[in-house]
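J.: Quick one: the structure is below, and I'll ask about it shortly.
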Amino acid sequence: MAQPNVGARIEPVQQVTIVRSDRAHTFEVFVRRIGRWWPGRPFSFGEGRPDMVHMDEALGGRVHETWADGTEHDWGRVTVWEPSARLALTWEIPPAAGTEVEVRFSALGPNLTRVELEHRGWDKLPPEQLTAAAAVPGGFGEAWSLILGRFAAVAEAG
């Protein structure tokens with residue numbers, strides 16, 4: 001049996017994208033249309049099976065995926081809810097379960113928004129889970145870059 005890499009360490013993942021849309025619309029697309037832009041494969045429990053991804057619009061709200069057969073899997077809970085400006089949520093998707101994602105939205109102009117994402121809390125993971133998270137192909141930085149690219153495309157499309 002392989003021993004976990006106790007020296008594994010992941011710094012907070014930080015990503016920034018610029019969206020050609022106003023801040024309120026950009027935030028709305030991030031929250032209300034997450035099912036349109038979130039890449040189900042490989043970033044879900046169902047690896048492409050989610051029929052719907054939903055984020056409750058309230059502090060303590062659920063973020064979850066629902067499969068066509070009605071099966072639901074929680075991704076986390078909203079821990080910060082500041083509409084149009086900021087949100088944060090617990091992240092419960094293996095191998096990073098127990099981490100946190102924060103997203104900030106800053107208006108750079110009437111139709112230009114800076115979206116900053118930080119995925120942190122890696123130091124809270126047990127060694128086995130940290131080793132698995134460190135082994136994600138391309139790393140979480142590459143994954144979040146792809147995810148935010150899809151998000152920006154949908155937000156800019158209207």
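J.: Please identify, among Thr26, Thr113, Thr66, the residue showing maximal mean-square fluctuation in a Gaussian network model of the chain using a 10 angstrom Cα cutoff.
T.: Thr66
J.: Set the Förster distance to 30 Å, then compute FRET efficiency between Arg9 and Glu72 from the Cβ-Cβ distance, nearest 0.05.
T.: 0.35
J.: Another question, then. Could you check how much of the accessible area of the chain is carbon and sulfur, as a whole percent, using a 1.4 Å probe?
T.: On the way: 4080 of 8100 Å².
Of the solvent-accessible surface of the chain, carbon and sulfur hold 50 percent.
J.: Ok, one more. When the chain is treated as a GNM, springs tying every alpha-carbon pair under 10 Å, which of Gly141, Gly109, Gly121 comes out with the largest mean-square fluctuation?
T.: Comparing Gly141, Gly109, Gly121 in a Gaussian network model of the chain, the most mobile one is Gly109.
J.: Rounded to the nearest whole Å², what accessible area per residue is found for the stretch 26-132 with the 1.4 Å probe? All intermediate terms of the calculation are to be shown ahead of the outcome.
T.: Numbers: 5020 Å² over 107 residues.
The answer is 47 Å² per residue.
J.: Based on DSSP H runs of at least 4 residues, each adding -39500 (n - 2.57), what is the mean residue ellipticity at 222 nm of the chain after dividing by all its residues, to the nearest 500 deg cm²/dmol? Can you show the working numbers first?
T.: Numbers: 4 runs with 41 residues, N = 158.
Here the helix-only value at 222 nm equals -7500 deg cm²/dmol.
J.: In terms of the Cα gyration tensor, with a ≥ b ≥ c the square roots of its eigenvalues, is the stretch 110-151 rounded because a/c is under 1.5, prolate because a/b exceeds b/c, or oblate? List each step's numbers first, then the result.
T.: Numbers: a/c = 5.57, a/b = 2.13, b/c = 2.61.
The shape class here is oblate.
J.: Between the stretch 121-144 and the stretch 44-107, how many Å separate their Cα centres?
T.: Computed from Cα coordinates, the inter-centre distance equals 18 Å.
J.: Picking from Asp69, Asp56, Asp22, which is most flexible by a Gaussian network model of the chain using Cα springs under 10 Å?
T.: Asp69
The values are calculated or read from the model by the stated rules, or taken from the named source; none is laboratory data. Computed from a prediction, not measured in an experiment: that's the story for all the values here. Don't worry about glycine lacking a Cβ; one is built from the backbone with ideal geometry, like all the others, and counts go over all protein chains shown. All accessible areas refer to the heavy atoms of the entire protein, side chains included, with ligands and DNA or RNA removed. Shrake-Rupley method; radii C 1.70, N 1.55, O 1.52, S 1.80 Å.
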